[in-house]
Amino acid sequence: MELLRDLKVISRVSLGGGCINQAERISTADGRDYFLKTHPSPPKGFFRAEAHGLELLRKRAKSLIIPEVLQVSEQGLLLEFLEPGAEASKALARGLAELHEADANSFGLDSDNFIGLTEQPNVLSNNWPEFFCEQRLRFQAELGKRKGWFNDSEVFESYLTRAHSVLSEGRIQPSLIHGDLWSGNVYWSSKGPALIDPAVYFGDSEADLAFSEMFGGFSTEFYETYFSTRASSKNYAQKKKIYNFYHLINHANIFGGSYCSQVSHQLRSFRL
């Protein structure tokens with residue numbers, strides 16, 4: 001394998017936890033360990049986009065651990081191996097709040113990337129409601145139409161109108177966000193809390209907080225610490241529904257099944 005060509009590998013141990021990629025712990029004759037992440041048929045540019053996101057986080061995250069990218073190819077990533085450590089919710093919260101202080105002049109990113117296996121467009125924009133409604137929600141809905149499961153176009157247009165209105169309330173500063181922040185993408189390493197599997201772009205920092213709550217969330221201590229540093233917006237509860245609807249449609253596009261019916265149910269019963 002290209003990524004391991006220059007290493008004297010003595011063992012490869014499969015690691016669990018991922019639902020999209022394969023992960024292995026690679027041990028070499030010189031006593032070093034590496035983390036290998038691969039996929040048999042990834043979208044073009046998939047791992048290079050992830051490497052770009054990790055490198056951007058390494059530059060901007062002041063007190064969070066971001067694994068170093070050692071090699072990247074079309075088939076995978078070779079990263080430094082992080083030994084496991086204790087959970088540190090307060091440190092994660094403080095580190096994330098610091099990361100969200102990294103701002104920019106526009107929403108989006110200098111290149112497109114991926115959310116899971118789905119392409120994520122990041123065309124730069126100065127209009128957050130338009131960016132999120134068009135490049136996040138509509139993009140996913142159009143993908144759902146092409147896949148044949150999304151048939152709620154009329155209701156969706158009404159939803160977009162209301163979502164645009166909600167996201168227009170208050171001033172939103174572009175912050176560097178992880179983009180796919182849930183407990184599965186936080187690794188408690190011996191060096192401190194680490195962020196993995198990013199889908200980075202500059203957006204509303206509360207989009208990270210919203211998705212972190214979608215599948216159970218972090219500890220109460222985490223949210224108390226974060227919001228003591230960066231106060232939540234007055235309409236966070238409304239925005240959270242919109243931001244997480246994006247992830248729900250994406251899950252429907254990737255996994256299908258009950259996620260598709262959940263999308264339809266939320267559209268037809270939405271209250272923002």
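Structure above, values below:
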read-out: Within straight-line cross-link reach of Lys191, lysines at Cα separation under 23 Å, skipping those fewer than 8 residues along the same chain; value: Lys37, Lys59, Lys62, Lys90
read-out: Positive dipole terminus of the chain, leading residue within Ile10, Leu124, Trp149 (C-beta point charges); value: Trp149
read-out: Neighbour-count ranking [beta-carbon atoms within 10 angstrom, fewest first] of Arg58, Arg5; value: Arg5, Arg58
read-out: Cβ-based net charge around Glu157, under 15 Å, with every Lys or Arg adding one and every Asp or Glu removing one; value: -1
read-out: Distance (nanometres) between label positions extended 7 Å along Cα→Cβ at Glu74 and Arg268; value: 4.3
read-out: Exposure proxy order (Cβ contacts within 10 Å, fewest to most) of Ile172, Ile196; value: Ile172, Ile196
read-out: Neighbour-count order for Ile115, Ile10, fewest beta carbons within 10 angstrom listed first; value: Ile10, Ile115
read-out: Dimensionless Rg ratio for the chain, taking C-alpha atoms and the 2.2 N^0.38 Å reference; value: 1.03
read-out: Karplus (6.51, -1.76, 1.60) ³J(HN,Hα), θ = phi - 60°, over segment 195-202, in Hz, Gly and Pro reported as x; value: 9, 10, 6, x, 9, 5, 5, 8
read-out: Expected 222 nm ellipticity per residue - DSSP helices of 4 or more, -39500 (n - 2.57), all of the chain, to 500; value: -11500 deg cm²/dmol
read-out: Charge dipole (segment 2-268, unit charges on Cβ, about Cα centre) - positive-most of Tyr246, Pro67, Ser258; value: Ser258
read-out: Placed amide H near Phe150: partners under 5 Å, 5+ positions off or other chain; value: Lys145
read-out: Net charge of Cβ neighbours under 15 Å - reference Ile172; Lys, Arg +1; Asp, Glu -1; value: -1
read-out: Summed residue charge, Cβ within 12 Å of Ile10's Cβ, Lys/Arg positive, Asp/Glu negative; value: +2
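FYI, it's all coordinate maths here, none of it is from the lab. Everything numeric in this text was worked out from a predicted model, so none of it was measured. Counting neighbours? That spans all protein chains shown, and the Cβs are built from the backbone with ideal geometry, glycine included.
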